[in-house]
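The values are calculated or read from the model by the stated rules, or taken from the named source; none is laboratory data. None of these values were measured; they are calculated from a predicted model. Virtual Cβ from ideal backbone geometry, glycine too; neighbours counted across all protein chains shown.
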Amino acid sequence: MSRRLALITGASSGIGLALAREYAANGWDLALVARREDRLRAQADQLQDQYGIDALVIPADLNDANAPQAILKAIEADDRQVDALINNAGFGLPGTYAQTQWQEQADFLQLMLTSYCELAHRVLPDMQARGFGRIINVASVAGLVPGTYGHTLYSAVKSALIKFSESLHLENKSTGVHVTAVCPGLTYSEFHDVNGTRDKVSQLPKYWWLSAEQVAEESYTASQANKAVIVPGLWWKFLTGLYKILPHGLALAITARQSAKLRNTETPASTDPR
């Protein structure tokens, strides 16, 4: 098989699906991971028909600690190797930290941080040995600005993914493996429907919003160019740049005022990973 394979988690909708289209349009085969098998298979069939590539469907719940190893075994059983890993699966928890159950937070950490790190750890040695690899960790501008009310572990995890990606980027500069953290701002997807904030975020200015396709295109370009961290969209580049020069106390105060526009803090806690 001459085409390279891109493994994409959270691939059934939003940024993950847009990334699948971007990689397929650039001639990559796909290994698509998400919980919703029927939807995933429908998307895989469409991508194969449209781009003439092969798409392997791997239903998996990355809340499960055994999922990363099972995903890679499924790829190996298909006699393929991972040439690009795109860690994208994610979800958000509504409410404050004390309003949630610990198991919800533990599931959040497993999916949003541990699974990303484990998948990267498992595919990296073979990428280094072949002298080629691409790893994209989908983080967020939330990891570049002060923590916000109701985003208790979300911002912390996204910040960790950025630092993790920066270190991996430096460690692999001479190996042929490119590592990139992508930090989108508000992006049109199902994410805000799942975490119960759609009514709030829909009131924000249109220029705050990115399309999933824009994020995917900028992510692919940055990965190929081996950029360590990117922020898609001019507005978000400006905003994150501004936060870097503001005194931290002022930045935290501004972020606190914005939190009420983005979070339904009294919403009962629930989870539904993409």
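Being in contact with a strand residue (DSSP E or B) (Cβ under 8 Å, 6 or more places away or on another chain) and either at pLDDT 95 or above or surrounded by 15 or more Cβ atoms within 10 Å (Cβ to Cβ) (or both) is true of LYS227. Taking residues in the stretch 242-260 that are within 14 Å of HIS151 (Cα to Cα) and exposed (fewer than 12 other Cβ atoms within 10 Å of the Cβ), and partners anywhere that are at pLDDT below 80 and of a type in the set (Val, Ile, Thr), not one pair has Cβ atoms closer than 8 Å while being at least 6 places apart or on different chains. Please verify whether the stretch 8-20 includes one or more residues that are of a type outside the set (Lys, Arg), more than 25 Å from LEU124 (Cβ to Cβ) and free of Cβ contacts under 8 Å to residues at least 24 places away in the same chain. So far as the stretch 8-20 goes, no, none of its residues is of a type outside the set (Lys, Arg), more than 25 Å from LEU124 (Cβ to Cβ) and free of Cβ contacts under 8 Å to residues at least 24 places away in the same chain. Taking the criterion of being within 12 Å of LEU7 (Cβ to Cβ) and out of contact with any Phe, Trp or Tyr (no Cβ under 8 Å at 6 or more places or on another chain), the residues of the stretch 63-85 that qualify are PRO68, ILE71, LEU72, ALA74, ILE75, GLU76, ASP78, ARG80, GLN81, VAL82, LEU85. Applying the criterion of being of a type in the set (Asp, Glu) and within 18 Å of the chain's Cα centre (by Cα) to the residues of the stretch 116-171, the residue that is surrounded by the fewest Cβ atoms within 10 Å (Cβ to Cβ) is GLU166.
Which of the following residues is assigned to a loop (DSSP other than H, G, I, E, B), surrounded by 19 or more Cβ atoms within 10 Å (Cβ to Cβ) and among the aromatic types (Phe, Trp, Tyr): PHE108, PHE91?
Result: PHE91 is the single residue among PHE108, PHE91 that is assigned to a loop (DSSP other than H, G, I, E, B), surrounded by 19 or more Cβ atoms within 10 Å (Cβ to Cβ) and among the aromatic types (Phe, Trp, Tyr).
The residues listed here are ASP193, ASP126; of these, the one that is over 23 Å from PRO68 (Cβ atoms) and either among the acidic types (Asp, Glu) or modelled with pLDDT of 95 or more (or both) is ASP193. Only a single item in (1) within 25 Å of THR180 (Cβ to Cβ); (2) modelled with pLDDT under 90; (3) surrounded by 16 or more Cβ atoms within 10 Å (Cβ to Cβ) is not met by GLU213, and it is number (2).
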